[in-house]
Amino acid sequence: NEIRLFSPATIANISCGFDVLGVALDSVGDEMVIRKVSEQGVRITKLVGQDLPMETDKNVAGVAGLALLAASDYQGGFEIEIYKKIKAGSGIGSSAASSAGAVWGMNELLGKPFSQLELVKFAMEGERLASGVAHADNVAPALFGGFTLVRSYDPLDIIPINSPNELWATVIHPQIEVKTSDSRKILKTKISLEDGIKQWGNVGGLIAGLFMNDYALIGRSLEDHIVEPIRSMLIPEFDTVKAESLNAGALGCGISGSGPSIFAFSKGESTARKVAQVMKERYEEIAVDNDVHVSKIN
Ligand code: HSE
């Protein structure tokens, strides 16, 4: 009647795929304990590691859990303990990890009545609370693992994407907070045909590169002509960190989700660690306690 679980951090957008591409990181994530109780509803009984609301309707795990409960014929309820290892506002899917973990754990305890796709829909309600928009590019990879593509939102269509064997991610979280809701407000809602052409060329190239294990193609597809030029203004030293990461051998580098975290993909662990070193050194000049994660992508 109780489950302990790990819910991974995720990199959303992956440069060219705003709101549609994401990938799970196995090296960092939230831990949760979920318990079946007779009392109806969802209660957050413990929240350790971050200063976040514990009221069910103000907590992303609570809201995602309520969405699952509303679709279920289960008459009891759940208690949730959340041990946050992902900082809120870091850009590596903090809200998604809690939302996805909650619904995944509840579904296991109920004997898996819901499909993965349905779980994504419930978890998206947590994202709606966190950012104002029910985007799925963090919750889908958190639930499916690896890379995912949101081919369509209506109807929801999630496509799992292959991960090449030697693909590694490096992510640095400079210690500044950027709220997804704020960094969405500054985006333009219209794009030019010219930018669209570049962007969907890159999305296609990235997906093809991932399936063909073509690291060079992955690298040259990691471009973003629409969101990065605007959001990078919120991230000190972004252009320098990107240039230095590429110089250190990264295949590509961009903003993780809505930032301020920056991610780079590399072929092989040693390059990924070299990139981590370069990123760390750059940010040591600006802030202390910047978190760096190096993960093999599975
Ligand atoms: N696609 C979302 C955004 C991801 O960029 O706003 C947030 O993590």
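Points worth noting:
- If you go through the range 151-186 and keep only what is in a strand (DSSP E or B), more than 29 Å from E269 (Cβ to Cβ) and not polar (S, T, N, Q), you end up with R151, Y153, L156, D157.
- Inside the range 19-55, residues that are within 15 Å of the ligand (Cβ to nearest atom) and surrounded by fewer than 24 Cβ atoms within 10 Å (Cβ to Cβ) make up a count of 3.
- Any chance A134 is among the hydrophobic types (A, V, I, L, M, F, W, C), within 14 Å of the ligand (Cβ to nearest atom) and in a loop (DSSP other than H, G, I, E, B): yes
For (1) away from the ligand (no atom under 16 Å from the Cβ); (2) buried (at least 17 other Cβ atoms within 10 Å of the Cβ); (3) hydroxyl-bearing (S, T, Y); (4) without any contact (Cβ under 8 Å) to a residue 40 or more places away in the chain, each residue gets a yes or a no:
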position: L69; (1), (2), (3), (4): yes, yes, no, yes
position: S72; (1), (2), (3), (4): yes, no, yes, no
position: Q75; (1), (2), (3), (4): yes, no, no, yes
position: Y83; (1), (2), (3), (4): yes, no, yes, no
position: S90; (1), (2), (3), (4): no, yes, yes, no
position: A100; (1), (2), (3), (4): no, yes, no, no
position: G105; (1), (2), (3), (4): yes, yes, no, no
position: E108; (1), (2), (3), (4): yes, no, no, no
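- Checking S245 against (1) surrounded by fewer than 21 Cβ atoms within 10 Å (Cβ to Cβ); (2) more than 16 Å from the ligand (Cβ to nearest atom); (3) polar (S, T, N, Q), the condition it does not meet: (1)
- Any hit, the range 235-242, residues being surrounded by fewer than 23 Cβ atoms within 10 Å (Cβ to Cβ) and within 16 Å of the ligand (Cβ to nearest atom): yes
- Residues satisfying the stated conditions in the range 151-166, i.e. of a type outside the set (G, A, S) and either within 13 Å of the ligand (Cβ to nearest atom) or out of contact with any strand residue (DSSP E or B) (no Cβ under 6 Å at 6 or more places or on another chain) (or both): Y153, D154, P155, L156, N162, P164, N165
- All of T148, T180 fail the test of being buried (at least 16 other Cβ atoms within 10 Å of the Cβ) and in contact with a strand residue (DSSP E or B) (Cβ under 7 Å, 6 or more places away or on another chain), apart from T148.
- Test set (1) over 17 Å from I11 (Cβ atoms); (2) modelled with pLDDT of 95 or more; (3) surrounded by fewer than 16 Cβ atoms within 10 Å (Cβ to Cβ); (4) of a type outside the set (F, W, Y) - N162 fails condition number: (1)
- Elements of type helices (runs of 4 or more DSSP H) contained in the range 193-298, each with 2 or more residues being acidic (D, E) and within 21 Å of D26 (Cβ to Cβ): none
- Residue count for the range 217-241 under the criterion of being in contact (Cβ under 8 Å) with a residue 60 or more places away in the chain and among the small types (G, A, S): the result is 1.
- Selection status of S95, within 13 Å of the chain's Cα centre (by Cα) and either modelled with pLDDT of 95 or more or surrounded by 18 or more Cβ atoms within 10 Å (Cβ to Cβ) (or both): yes
- One residue stands out in the range 203-225 among those that are buried (at least 20 other Cβ atoms within 10 Å of the Cβ) and within 16 Å of the ligand (Cβ to nearest atom): the one that is farthest from I176 (Cα to Cα), namely L206.
- Residue within the range 263-272 that is within 16 Å of the ligand (Cβ to nearest atom) and in contact (Cβ under 8 Å) with a residue 12 or more places away in the chain present: yes
- Residue in the range 186-197 that is within 16 Å of the ligand (Cβ to nearest atom), within 16 Å of the chain's Cα centre (by Cα) and in contact (Cβ under 8 Å) with a residue 24 or more places away in the chain present: no
The values are calculated or read from the model by the stated rules, or taken from the named source; none is laboratory data. Note that the coordinates shown come from a computational prediction; the quantities given were computed from them, not determined experimentally. All Cβ positions, even for glycine, are placed from backbone atoms using ideal geometry, and neighbour counts span all protein chains on display.
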